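The values are calculated or read from the model by the stated rules, or taken from the named source; none is laboratory data. It should be emphasised that the depicted structure is a prediction, and the values quoted were computed from it without experimental measurement. Note that each Cβ is placed from the backbone with ideal geometry, even for glycine, and that neighbours are counted across all protein chains shown. Side chains are part of the model used for accessible areas, which takes the heavy atoms of the whole protein and leaves out ligands, DNA and RNA. Shrake-Rupley method; radii C 1.70, N 1.55, O 1.52, S 1.80 Å.
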Amino acid sequence: MTAPDEEQRLPLRLYNTLTRRVEEFKPLRPPQVLMYTCGPTVYHFTHIGNMRSFLTSDILHRVLMYNGYQVSLAKNITDVGHLRDEVAESGADRIEAAAAEEHKSPEEIAEFYTQRFIEDEARLNILPPTHRPRATAYIPEMIDLASRLIDKGYAYEVGGNVYFDVHKFPSYGRLS
């Protein structure tokens with residue numbers, strides 16, 4: 001199956017969760033589409049429940065490509081910083097806990113489960129992303145961003161954690 005010519009192409013219509021309506025998709029800079037999807041936290045094997053979200057985003061990726069868009073997809077790898085109990089903001093980092101349990105370094109755990117994830121996606125015929133940034137490669141940028149948000153009054157620190165001040169963004173939560 002080949003993509004239709006631009007003149008034959010029907011408008012791509014998607015459900016907009018913000019407006020709660022089906023709307024025509026209009027990229028900011030056609031024909032380029034920049035797409036981001038969350039990737040895995042790499043401390044254990046993925047399961048079919050995890051893979052569901054990656055399959056869903058793969059379908060959108062393919063539909064955009066079929067419709068002639070040039071898709072640049074970034075899918076992150078969270079290889080640090082996921083606490084076991086995120087609600088209580090306590091417990092060991094999941095990767096550090098897996099490293100202790102498997103008698104490996106956190107780097108070995110992250111690399112092993114990153115490779116397994118990539119292999120699992122390939123087995124499911126999920127297209128590889130254009131970019132696969134790892135959280136550990138951007139820690140200085142994350143710290144800088146958090147610091148700037150604190151300096152501008154959009155975030156605050158409590159007990160070593162930084163929180164976004166939702167009162168500074170009146171429409172916060174509209175998508176939830």
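Values computed for the structure shown
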item	result
Segment 123-141, residues that are within 20 Å of residue 72 (Cβ to Cβ), open to solvent by 70 Å² or more (accessible area, probe 1.4 Å) and assigned to a helix (DSSP H, G or I)	138, 141
Hits in segment 159-173 (condition: surrounded by 10 or more Cβ atoms within 10 Å (Cβ to Cβ) and either among the hydroxyl-bearing types (Ser, Thr, Tyr) or assigned to a loop (DSSP other than H, G, I, E, B) (or both))	163, 165, 169, 172
Flag for residue 73 being at pLDDT below 90, aliphatic (A, V, I, L, M), touching a Ser or Thr at 6+ places or on another chain (Cβ under 8 Å) and surrounded by 12 or more Cβ atoms within 10 Å (Cβ to Cβ)	no
Any hit, segment 51-58, residues being of a type in the set (Val, Ile, Thr), modelled with pLDDT of 95 or more and open to solvent by 60 Å² or more (accessible area, probe 1.4 Å)	yes
Options 146, 137, 155: the member that is more than 30 Å from residue 18 (Cβ to Cβ) and small (Gly, Ala, Ser)	137
Breaking point among (1) open to solvent by 80 Å² or more (accessible area, probe 1.4 Å); (2) hydroxyl-bearing (Ser, Thr, Tyr); (3) closer than 28 Å to residue 57 by Cβ, for residue 113	(1)
